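Read through the structure below, which is laid out as structure tokens, and then see the notes.
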Amino acid sequence: MSESEDSAVLKSIDAKTYARSPIPASDDDALYQLFARFATDDVTENHAPKFSTDEEWVAAIFAKRMAVLGVRERDENRIRTGLRALTLLRGAIDLRDAIIYLAPLYDAASRINADADAMFRSFSRYSAPIVPHIVSFPDRTPEARSLAAMGFVVAQDESGFTYKKSW
């Protein structure tokens, strides 16, 4: 996919609609392909794609949705790709709004018996504003990295396991 095709995928998705859509949705697959490709690219701070505010929200929402699918499918790659999507954020949305999505990703990795600590620390090779938060997330106290601390709860929807905001 070219940069213009990448941009077209992101621009075609409305963040608010995407956040409310059932999991899984066809947009999840399109975004998974996009962000999984970025996971294999050597994207540095200077060569990262420039996303609009809405596109960064789509990436952040995608991260939470990958935590859900990671649990449902018991798939570490879903969780890794959710984390990778967060490393592409470059400040169009407030970093504090993105950090909360680390809790479902960490919880998801733990639920499927993946090594959540190692997974998060493996992101030290990336250069992005959120990377120090990803890498240090395992060092937080269990209470500070909990779903509750970040405003999430485990729930069930029509398709099964999910994470919902508690506020």
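The values are calculated or read from the model by the stated rules, or taken from the named source; none is laboratory data. All values reported here derive from a predicted model rather than from experimental measurement. As a convention, Cβ positions derive from the backbone with ideal geometry for all residues, glycine included, and neighbour counts pool all protein chains shown.
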- Among the residues of region 77-98, which ones are outside any helix (DSSP H, G or I), surrounded by fewer than 16 Cβ atoms within 10 Å (Cβ to Cβ) and aliphatic (A, V, I, L, M)? Ala92
- Take Arg84 and decide whether it is touching a helix residue (DSSP H, G or I) at 6+ places or on another chain (Cβ under 6 Å) and not acidic (Asp, Glu). yes
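Among the residues of region 53-73, are any assigned to a loop (DSSP other than H, G, I, E, B), more than 10 Å from the chain's Cα centre (by Cα) and touching a residue at least 12 places away in the same chain (Cβ under 8 Å)?
So the first thing to find is which residues in region 53-73 are assigned to a loop (DSSP other than H, G, I, E, B), and the list is none.
No: zero hits.
Kindly provide the set of residues from region 118-131 that are loosely packed, with under 15 Cβ neighbours inside 10 Å and either under 26 Å from Glu73 (Cβ atoms) or over 15 Å from the mean Cα position of the chain (by Cα) (or both), ordered by number. Write out each step before concluding.
The initial filter retains those residues of region 118-131 that are loosely packed, with under 15 Cβ neighbours inside 10 Å, namely 118, 122, 124-125, 127, 129.
Those that are loosely packed, with under 15 Cβ neighbours inside 10 Å and either under 26 Å from Glu73 (Cβ atoms) or over 15 Å from the mean Cα position of the chain (by Cα) (or both): Ala118, Ser122, Ser124, Arg125, Ser127.
Which one of these is at pLDDT 95 or above and closer than 14 Å to Leu147 by Cα: Ala116, Ala108?
On the way: Ala116 fails: closer than 14 Å to Leu147 by Cα.
On inspection, the qualifying residue turns out to be Ala108.
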- Filter region 14-37 for residues that are at pLDDT below 95 and buried (at least 19 other Cβ atoms within 10 Å of the Cβ); which is farthest from Ile112 (Cα to Cα)? Leu34
- Name the pairs whose Cβ atoms lie under 7 Å apart, with the first residue in region 99-110 and crowded, with 24+ Cβ neighbours inside 10 Å, the second basic (Lys, Arg) and not in a helix (DSSP H, G or I), and 6 or more positions between them or separate chains? Tyr106/Arg145
- Filter region 132-167 down to the residues that are part of a helix (DSSP H, G or I) and within 17 Å of the chain's Cα centre (by Cα), then identify the one that is surrounded by the fewest Cβ atoms within 10 Å (Cβ to Cβ). Pro132
